[in-house]
Amino acid sequence: MKKKMRIVFVVLVLAGFLCAVSSTTALAAKKFVSIASGWVVGVYYPLAGAISNIAHKNLPDIKITVESSGASVANAKLIASGDADMAILQNDISFYALNGTKPMFDKPVANIRGITALYQEHCQIQARKDAKIASVKDLKGKRVCVGPLGSGTEQNAMQILEAYGMTFNDMGKVERLTAAESSDYLKDGRIDAAFYSVGVGAAVLVDTAMTLDSVIVPIDAQAADALIKKYPFFTKAVVPKDAYKGMEADVPTVAVMAILVARAEMEEAMAYQITKAIFDNIKDIERAHAKGKEVTLASALNGMSVPLHPGAEKFFKEKGIKK
Ligand code: GLU
């Protein structure tokens, strides 16, 4: 009896050992990739989630995890430090990162490489209707959220104010809040307006407009021209009147592009696999957010402001969209 039990014990230990060995080899085979995205109530986050799901369903060796963040500027720094393998960010900010433009970056993010352009992000200033802000000029003396810490939005807010001859010092109060907080502050009347450089239809703006009488403040053609001249990544754009509850007409503004990037250190084969999986499963990107419909192979290089990752380049060459 004792002998039998000893045999059972040995068999169990052996089985446990084999299980452990096989699961560590499975783990060793699996490669972990992190994407620095953006605001949970923005568009980067749901799109990064869709990319993670695509990998889950189609790339058994790659596990992609999604991190939320302040967004563009913070994300470029995460690429530099290696704390993120991939990131979504604005094409203006990625260009500043590559070039180490001060004061945003104290040194160049030399390892930032493009995977694909994604969609247009509009500079949207949402204001309480009762704050009576009809023009950017009316932000003078108001309580304004200029974007989350580490956002591209904050940089764009500075540039937009500059086009009107203003700075943050002209505001009554400047807040740097997460996007979700700035929505709450607007609704509670703790701020009068908030800047967001984000895809039209982002949850943060939709949700605020649902419960608060709000407006989108226009950026007029003259200011847009001045902005484009000094910061060429801006293009003229329009927030369509059906974008948010309470809008009465289309609102002119400027826009940049959201792009997906990876670290130069990512293996070529992996960058290729991920790029291919995205475009082979583009329907999953389209389902994640209305903005996903703008992600197409034909526009994959539009506004790409950093050198392509060799893995992405290989895929685009195969598809004939890159020579
Ligand atoms: N473009 C935004 C920023 O960098 C982030 C938008 C998002 O999270 O969807 O400020």
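Here is how the numbers come out for the structure above:
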item: Accessible surface, the chain, averaged per residue in Å² (probe 1.4 Å); result: 47
item: Hz values of 3J(HN,Hα) by residue in the stretch 91-102 - Karplus curve (6.51, -1.76, 1.60), Gly and Pro given as x; result: 6, 5, 5, 5, 5, 4, 5, 4, 9, x, 5, 7
item: Inter-probe distance in nm under a simple model that places probes 7 Å from Cα toward Cβ, at residue 230 and residue 40; result: 3.6
item: Most mobile listed residue (312, 203, 226) in the chain, GNM with C-alpha springs under 10 Å; result: 226
item: Among 290, 258, 84: highest mean-square fluctuation, GNM of the chain, C-alpha pairs under 10 Å; result: 290
item: Low-density loop positions, trypsin sites (Lys or Arg not before Pro), the stretch 185-233 - DSSP coil, at most 15 other Cβ in 10 Å; result: 190
item: Highest-fluctuation residue, 179, 243, 255 considered, GNM on the chain with Cα pairs under 10 Å; result: 243
item: Anisotropy class of the stretch 155-263 from Cα gyration tensor, a/c 1.5 cut; result: rounded
item: Probe 1.4 Å - accessible area at residue 176, Å² to nearest ten; result: 100
item: Area accessible to solvent at residue 231, 1.4 Å probe radius, in Å²; result: 40
item: Under-5 Å amide H pairs with residue 121, H placed in peptide plane, nonlocal only; result: 256, 257, 258
item: Rg/Rg_globular for the stretch 205-304, with Rg_globular taken as 2.2 N^0.38 Å and Rg from C-alpha atoms; result: 1.39
item: Average Cα contact separation per residue, the chain, under 8 Å, 6 or more apart, as relative contact order %; result: 23
item: When each of 283/319; 293/314; 63/245; 63/293; 107/291; 230/314 is checked by Cα-Cα distance, pairs over 27 Å; result: 63/245; 107/291; 230/314
item: Over 28 Å [Cα-Cα, the chain], rounded percent; result: 43
item: Table column - 3J(HN,Hα) (Hz), the stretch 279-293, Karplus curve with 6.51, -1.76, 1.60, x for Gly and Pro; result: 6, 6, 10, 4, 4, 5, 6, 4, 6, 6, 6, 3, 5, x, 5
item: From the C-alpha gyration tensor of the stretch 22-106, square roots of 5λ in Å; result: 27, 15, 9
item: Accessible surface of residue 56 - all protein chains present, 1.4 Å probe, nearest 10 Å²; result: 140
item: CD proxy at 222 nm, helix term only [per DSSP H run n ≥ 4: -39500 (n - 2.57); per residue of the chain; nearest 500]; result: -12500 deg cm²/dmol
item: Mean separation of Cα contacts under 8 Å, 6 or more apart, over the residue count of the stretch 56-108: relative contact order %; result: 23
item: Portion, in percent, of the accessible area of the stretch 169-323 that falls on carbon or sulfur, probe 1.4 Å; result: 51
item: Of 140/187; 30/102; 140/241; 137/229, those spanning more than 29 Å from alpha-carbon to alpha-carbon; result: 30/102
item: Sequence of 106, 61, 138 when ordered by accessible area, the most exposed leading, probe 1.4 angstrom; result: 106, 61, 138
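The values are calculated or read from the model by the stated rules, or taken from the named source; none is laboratory data. On a predicted model such as this, the values are computed, not experimentally measured, just so you know. Here the Cβ is made from the backbone with ideal geometry for all residues, glycine too, and neighbour counts use every protein chain on show. SASA here: full protein model, heavy atoms, side chains in, ligands and nucleic acids out. Shrake-Rupley method; radii C 1.70, N 1.55, O 1.52, S 1.80 Å.
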